[in-house]
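Every read-out reported here was derived from the displayed coordinates using simple, explicitly stated rules and does not represent laboratory data. Just so it is clear, the model here is predicted, and its values are computed rather than measured. Reconstructed Cβ throughout: ideal geometry from the backbone, glycine too, with neighbour counts over all protein chains shown.
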Amino acid sequence: MNQNLEISFITQYQSGNEIEKKLASHQLWELNQKWIRAMAGKYAQKSARINFDELLSEAYIAFCSAINRFDLSRAGEVSLKTHAVYWINGAFTKHCKTQIHDGYAVPRCRVEVRNDVITLAEGRKSLSMDSTLALSIKHQLKEEKVREIHQFYCAYEKVDLNDWQINEKDGSSFICPLELERIRRIRCAIRTFVNKQPKLLANILMQRWLNEKSTSYTELAVQLQMSIPQIRRRVKVGMSDLEKFLQRECLINITA
């Protein structure tokens, strides 16, 4: 790659207007995407749950941050690639940890903290107040943080989907990690089921079940020019078919 050309694009990105920034970032991406795609491919191989295209999106955001923070006064010493690898690796690591644990962020802590928590827990569902306080003082952490680390790392095999730990401070809920794999499989099965439905039903179910924020029946009625009872009937049929589908996949067991 021509270093002078690279520097000119970086300068254009850092000092240009929005249009110039877009053009510069596009050109720099084109010049660097071969090695970025190779990096993304290595991360994507770590788990079937990690989507290559999502990694590329994360890489592009991190790459633009790297361009913006590149020190032009050191352009002769450090290449953009060397600088950008740090940002992209960080973005990939964060994204992969979240995806592998099905949206549950891995608590950040030192190895010795994690090991002490696991040792004191001895497989129990919860730490005693004395143990929590002792770990909090020893490692200079808040007690809430100690409990979060324990909840994530100390799985309990007999816990079921109704056994949630509630954080009284903010009302958030945590479920033991051993159940995450089952939940992930059910979610994937639901998405597979929805994608196999006729276009109209798939659209309704996607917006009701799978969107980050569920679309109301009123909004769907306006959007699809249908009555609310018609939409409700379709969702009810979809739910009935979904239960049968999940039973066939041996993911749930519904007894009369």
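Across the cross-link table entries Lys213/Lys236; Lys34/Lys196; Lys22/Lys213; Lys42/Lys145; Lys142/Lys213; Lys22/Lys81, which are compared at the Cα atoms, the separations over 27 Å belong to Lys34/Lys196; Lys22/Lys213; Lys42/Lys145; Lys142/Lys213.
Test of understanding: ordering Thr132, Thr119 by Cβ neighbours within 10 Å, fewest first, what list do you get? Walk me through the numbers before you get to the answer.
Numbers: Thr132 20, Thr119 9.
Exposure proxy ranking, most exposed first: Thr119, Thr132.
Each residue of the range 68-78 was assigned a 3J(HN,Hα) from its phi angle through the Karplus curve 6.51 cos²θ - 1.76 cosθ + 1.60 (θ = phi - 60°); the sequence is 5, 9, 5, 8, 5, 5, 10, 4, x, 9, 10 Hz, with glycine and proline shown as x. Using the Karplus relation 6.51 cos²θ - 1.76 cosθ + 1.60 with θ = phi - 60°, the per-residue 3J(HN,Hα) values for the range 114-119 come to 4, 5, 5, 4, 5, 5 Hz, with x marking Gly and Pro.
Computed over the alpha-carbon atoms, the range 180-248 gives an Rg to Rh ratio of 0.99, Rh here being the Kirkwood radius from the mean inverse distance. The calculated FRET efficiency for the pair Gln45 and Thr82, based on their C-beta separation and a Förster distance of 35 Å, comes to about 0.90. Extension gain, Arg232-Lys213: 0.36 nm per intervening residue step, less the Cα-Cα distance, totals 5.1 nm. Each residue of the range 133-148 is assigned a 3J(HN,Hα), and the resulting list reads 5, 4, 5, 4, 6, 4, 9, 6, 10, 5, 4, 4, 5, 4, 5, 5 Hz, derived from the Karplus form 6.51 cos²θ - 1.76 cosθ + 1.60 (θ = phi - 60°), x at Gly and Pro.
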